[in-house]
Amino acid sequence: MMMRFLKLFPSIMFLLLVYFSFALANSSSSLRQLCLSDENRALLQFRQLFLFDLNASRWCYRKYAKMVSWKEGTDCCRWDGIACDAITGHVIGLDLSCSLLHGTIYSHNCSLCHLSHLQSLNLAFNDFNNSRIPPCFGSFTSLIHLNLSYSNFSGEIPPQLSHLSKLVSLDISSFFLTPRCGRFFHNFSNDYNLHSASSLERLIHNFTQLRHLNLDEVSVNSIIPKSLMNLSALNYLSLWDCGLQNKIPADIFHLPNLQHLDLTFNPKLIGKLPEFFNDSSPLRLVSLAATNFYGEIPNAIAQLKSLEYLDLGSANFSGCIPESLGNNSKLSVLFLDNNHFGGEPPSSLWRIETLTGISLSLNTFEGQIPNNFSTHGVLSYLELFDNSFTGQFPHSIDNLAQLQYLDLSHNKLSGPLPSQVFGLSNLTHLDIGNNFLNGTIPSWPLTLPSLKELWLDGNQLTGSINQLHTSSKLQSISSSNNNLRGPIPTSIFNLRDLIALDLSSNNLSGIIKLDSFSKLRHLQYIFLSNNNLCGPIPTSIFNLRDLIELDLSSNNLSGIIKLDSYSKHRQLRYISLSNNNLCGPIPTSIFSLRELVQLDLSSNNLSGTMKLDSFSKLRSLNYLNLSHNSLTGFQLIPTSNMWPSLVFLDLNSNKLQGSLGSLPIPSETIMYYSVANNQLTGEISPCFCNKSNLEFLDLSNNNLKGAIPSCLSNSSILSVLNLQHNALDGAIPRMCSQANGISLETLDLSYNQLQGQLPRSLAHCKFLQLLNLGNNMLVDTFPTWLATLPKLQVLVLRHNRLHGSIGKPRSEVAFAKLNIIDISDNNFTGTLPSDYFKSWHSMTANDRNRSNWKFLTMSSRRFYSYTVTLIDKGLEMELVKILNTFKVVDLSNNNFQGEIPKSIGQLKALCALNFSNNHLTGSIPTELAKLKNLESLDLARNNLSGIIPPELASLTFLEVLDLSHNHLEGSIPRSRQFDTFPNTSYLGNPGLCGFPLSKPCGETEVTPQPSPKLDQTQNLESIIYDFDWKVVSIGYGCGMAVGVIMGNYIYNWKQEAIARFFRVRLGRHSKRLSTRRRGRK
Amino acid sequence: MDSSYPSLCVLLLPILLSLPFPSLSTNSEGNALYALRSRLSDPTNVLQSWDPTLVNPCTWFHVTCDSNNHVIRLDLGNSNISGTLGPELGQLQHLQYLRLNNNKLTGTIPRELTALSNLKVFDVSNNDLCGTIPVDGPFSTFPMESYENNRLNGPELQGLVSYDFGC
């Protein structure tokens, strides 16, 4: 903003200059009629074209309708804005800048063309409504000054203008004062084109007298022509946002009279700063901001003795700042932000006494911020954010009496803030957020007399917030993400100018007093989430007229939400009160907040029915989350399209009763709809089928009956369909049967009463990650036809009526991404699917490092994790999040026969394996010892025989082992891990012996010994020393109650233990000695 | 009604704080394990599944629960973890098996572990622990192999030596 003002400054000066010269010309004219009649007529004709419109000259500080004085029958030389030649009477000057003109100039029939003696023409700051520049301007051969800036001309610049060989200044810029956004600005800027370098070259090649050239915002879209270098008189060159391209002629910096060089915002312009400058160079302003200039700042920059303004921001510069830059410098403004500069800024920089503004932000500067700022400084703008500056907050900054803006955020400043500063009385903006500052917040930041914005967020500040001065002008306070404690100081509530308050993510506690917010009339943003605030929400919060956003989530707030008035909060758009202990009903009035966009009351104890009436039509409501409460239902007038913009509706985990149809009808915009975990009844309405934006539908854990609407298979972008734990019956819809409806990622229909076959169309669901059809009454064979699904990670078909043998995969790649397969509790027969074991690539990868772990989530909305219920480690468990490294095979409770294949050893990543309750025979394969991540192994209730392979003792992560009810024999392997399993792991195997069973192994039996490297400490228990300890109290020394007796406690000692005992005694003495010595000091 | 809130809050706070941790949180065991995780360096990601947002820690790797969702086993032997053990382990009141052997654990054996009355197996062998070995509670029954290859002194002689002696 500042830069833009500085940039505009020369233009304004120029306008003033022209204005004064006209004033002089006017006063010299005599009383007789001087004006020539044809010129008089032409001017009056010109006047007819316009209306006066304040908006047309809105950028002018001083603006009025000059043409009001243009009256028929009067001397035109006496009119405002006209200058005449005192002798010939010709109009030689026309200044209509800032004259509120709004109208169109017809370029080929322009009455101004009659003013052929014009020497100066200024039409700047008007609105000519996209008129073309009249080509006849090119015939004003005496023209010296031409200014058409900011006047909404457009089209090509007429080539005739190049005939104006006497031109000294040319300004056809259309400078934007605010960001260009949309038509509005487009309409009020000049929109010129110069379609190639040659047209620019042709325009300027005659202008040998030219001193001032401003083509800002003119679409040059080409390289800078060489002929520009011939304009040796040039002193002001501004080519802001001209679409300049390619390399810039290096000698542009050597134009002998150039003082002002502005090439800002030409991102395709490539160049380097020259290695030398003329010692006599008059350059005062150089702006290369937002260009593609690169390389280092040369030492020679010091030769620019007149340089006051240097802006190299947002370019591609690198290297260090040369020490010379600060030597004998007259620099006033230095912007080097957003480049690749590094190293430590030279100390000379901080000694420039003329410096008023500096930005080094967004580089990789390091070292300390100097702490020797002088009191002579005039620095008012200091911006160093996003670097790697270290050290403490430089307290000498308070020498800078003029400082208004200070931003040191996103650095590595550490230590406490200075306890006091004197000065900084002009500071309005202070940002020291996102550093490593610690200690308490001293009082000074809160009491600076001019401070409006204070950012302390993301540090390690502790303690409580001090009381503030009520005279403070603070408008915005952010101290989020610190370790602040204690209550919110009451004095904050006296800051009458406060607009935004962010104290979220601290440890603030205590009650917010009821009338706290009543004085903060201008407050718009309140962020107090993630603290320990308690008590009720003060009603005064809801009486803030300007409030836009309120976030009190994740505190311990309690009581009911009191929101009684209807009209006051016209602005309130975002409310989050989630994760508190709020109770009672949701106030109806909350749905009268017309601007409401987002309402999150989830995870509270809210109860009752929601009464919605005609006020409840919230046009803007987009997000409604009432999940995890105790709401019982909706009472509403059945109007469709009640919340026409609703995208996200989450009512899960409440106590909603009644039929699904009693809930608000989702609108077309709905994308996420969850009413899971309630007590809803009735059938699923087909109205869910035609919601074209619906991605997520979760009706699980209710009491829904009837068939699943088959039309759900028409939903084109449905990703998640979760209907588990209802009482649905009938057949499964033919999901993915339509070519444009295959986005399904999760299909969970488990725990219903679904019948029939698995729909073969599922083979087209190529994005399917999770398929859970468990606990239904499906009758089919194993779906080998799903083997090609490229993303399928979880397949659960547990507890159905599936039958037949599993057979072999049709190709080598079958279920390659599968992490979890549970086909337990069916009627599968035949041998275990040993060929599949080899094809389950995701389970065969031995990724002990598990570095590529992630949760299985909805691909478009990563916050939503998929869940599945499994039996693992002997318990039925719901995996609320499914980790891709969690690999499970459960084939239990079927009729599988034959041996456990050795290929089981391929599934190296397995965490849980369950083959229990089948008819498996043969021995336990030693290959199971390769499954190093195995935590749960269940082979119970089969016909397995032989010994328990001692190699299994190497499975150190094994937590649950069940080998019961087989025909195993021999001794149970010993290891520290194996010794932790209870005897129930081995019951029903009469041939087994040894720990933990009570049956000892006979001497004739060969005890299988695991290799010693499996567990080095295996046999150390045999070295037993029976030292027995008892501890009693006896008097000792200076009254310490201590005693040692050897007694009957069972301890297994090694010899070392004795040595340790003595070390302990020794230690005691040395400790006593050292205390005594300390005592003497 | 409203004015009674401040005094109630102030009065209740010390009482709430003095209650044993489990009654404050349904997932105190998960919190305890997560606090342990935050102490440990885990280069091979054996603790990756320890997600504190879950209702209980029973689905976490290397954690076993009983049917009441109480943690009864923690099997982190040979896991390449380093760091210290903390007092929070004392909150796993149903813990029966605690295997932390063959890692790079440092610091002392937290005294809070002596409150774990159900602890049957405790194995911290082959680590870099220091201080003295507790003798109270279940620690009266563990064999010395549980502690071997550390820098432990022991056993603690109550009142004689501070437990962090030798650290």
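Brief remarks on what is shown
- Across segment A:209-231, the qualifying residues are those that are charged (D, E, K, R) and on the phi < 0 side of the Ramachandran plot, and the one among them that is modelled with the lowest pLDDT is A:226.
- Residue that is nearest to the other protein chains (Cβ to nearest Cβ) [pool: residues in segment B:106-120 that are under 18 Å from residue B:73 (Cβ atoms) and surrounded by 20 or more Cβ atoms within 10 Å (Cβ to Cβ)]: B:119
- Scanning segment A:463-480 for residues that are in a strand (DSSP E or B) and within 14 Å of another protein chain (Cβ to nearest Cβ) turns up nothing.
- The set of residues from segment A:711-742 being in a loop (DSSP other than H, G, I, E, B) and in contact (Cβ under 8 Å) with a residue 40 or more places away in the chain comprises A:719, A:724, A:732.
- Here residue A:559 meets each of (1) farther than 19 Å from residue A:629 by Cβ; (2) within 14 Å of chain B (Cβ to nearest Cβ); (3) surrounded by fewer than 19 Cβ atoms within 10 Å (Cβ to Cβ); (4) modelled with pLDDT of 85 or more with one exception, condition (1).
- Number of positions in segment A:302-323 that are free of Cβ contacts under 8 Å to residues at least 40 places away in the same chain, surrounded by 18 or more Cβ atoms within 10 Å (Cβ to Cβ) and in contact with a Ser or Thr (Cβ under 6 Å, 6 or more places away or on another chain): 3
- Of residues in segment A:851-860 being surrounded by 15 or more Cβ atoms within 10 Å (Cβ to Cβ) and not hydroxyl-bearing (Ser, Thr, Tyr), the one modelled with the lowest pLDDT: A:858
- Selection within segment A:971-993 - of a type in the set (Val, Ile, Thr) and more than 22 Å from residue B:77 (Cβ to Cβ): A:984
- Where residue A:475 falls short, out of the listed (1) crowded, with 17+ Cβ neighbours inside 10 Å; (2) over 25 Å from residue A:386 (Cα atoms): (2)
- Scanning segment A:932-960 for residues that are more than 14 Å from every other protein chain (Cβ to nearest Cβ), touching a helix residue (DSSP H, G or I) at 6+ places or on another chain (Cβ under 8 Å) and in a loop (DSSP other than H, G, I, E, B) yields one hit, A:949.
- Yes/no for residue A:881 being of a type in the set (D, E, K, R), in the same structural domain as residue A:964 (by TED's automatic domain parsing), in contact (Cβ under 8 Å) with a residue 12 or more places away in the chain and touching a helix residue (DSSP H, G or I) at 6+ places or on another chain (Cβ under 6 Å): no
- Here segment A:909-925 is the region considered, the condition is being outside any loop (DSSP other than H, G, I, E, B) and touching a residue at least 40 places away in the same chain (Cβ under 8 Å), and the residue that is surrounded by the fewest Cβ atoms within 10 Å (Cβ to Cβ) is A:920.
- Among residues of segment A:979-998, those that are part of a helix (DSSP H, G or I) and more than 17 Å from residue A:874 (Cβ to Cβ), counted: 1
- Where strands (runs of 3 or more DSSP E) fall wholly inside segment A:409-459, no range has 3 or more residues that are touching a residue at least 60 places away in the same chain (Cβ under 8 Å), within 21 Å of the chain's Cα centre (by Cα) and under 18 Å from residue A:497 (Cβ atoms).
- Residue satisfying condition, being buried (at least 20 other Cβ atoms within 10 Å of the Cβ) and in contact with a helix residue (DSSP H, G or I) (Cβ under 7 Å, 6 or more places away or on another chain), within set A:430, A:413, A:408: A:430
- Checking each residue in segment A:838-850 for being under 11 Å from residue A:884 (Cα atoms) and at pLDDT below 80 picks out only A:850.
- Comparison of A:324, A:280, A:348 shows that the only residue that is assigned to a loop (DSSP other than H, G, I, E, B) and modelled with pLDDT under 95 is A:280.
- Selection count where residues are surrounded by fewer than 21 Cβ atoms within 10 Å (Cβ to Cβ) and touching a residue at least 24 places away in the same chain (Cβ under 8 Å), scope segment A:236-259: 12
- Annotation: residue A:927 fulfils all but one of (1) in contact with a helix residue (DSSP H, G or I) (Cβ under 6 Å, 6 or more places away or on another chain); (2) within 11 Å of chain B (Cβ to nearest Cβ); (3) acidic (Asp, Glu); the unmet one is (2).
- Only residues that are at the interface with another protein chain (Cβ under 9 Å from one of its Cβ atoms), in a loop (DSSP other than H, G, I, E, B) and in contact (Cβ under 8 Å) with a residue 12 or more places away in the chain were counted across segment B:57-74, and they come to 4.
- Checking each residue in segment A:875-901 for being more than 9 Å from chain B (Cβ to nearest Cβ), closer than 22 Å to residue B:45 by Cα and surrounded by fewer than 22 Cβ atoms within 10 Å (Cβ to Cβ) picks out only A:884.
The values are calculated or read from the model by the stated rules, or taken from the named source; none is laboratory data. All values reported here derive from a predicted model rather than from experimental measurement. Reconstructed Cβ throughout: ideal geometry from the backbone, glycine too, with neighbour counts over all protein chains shown.
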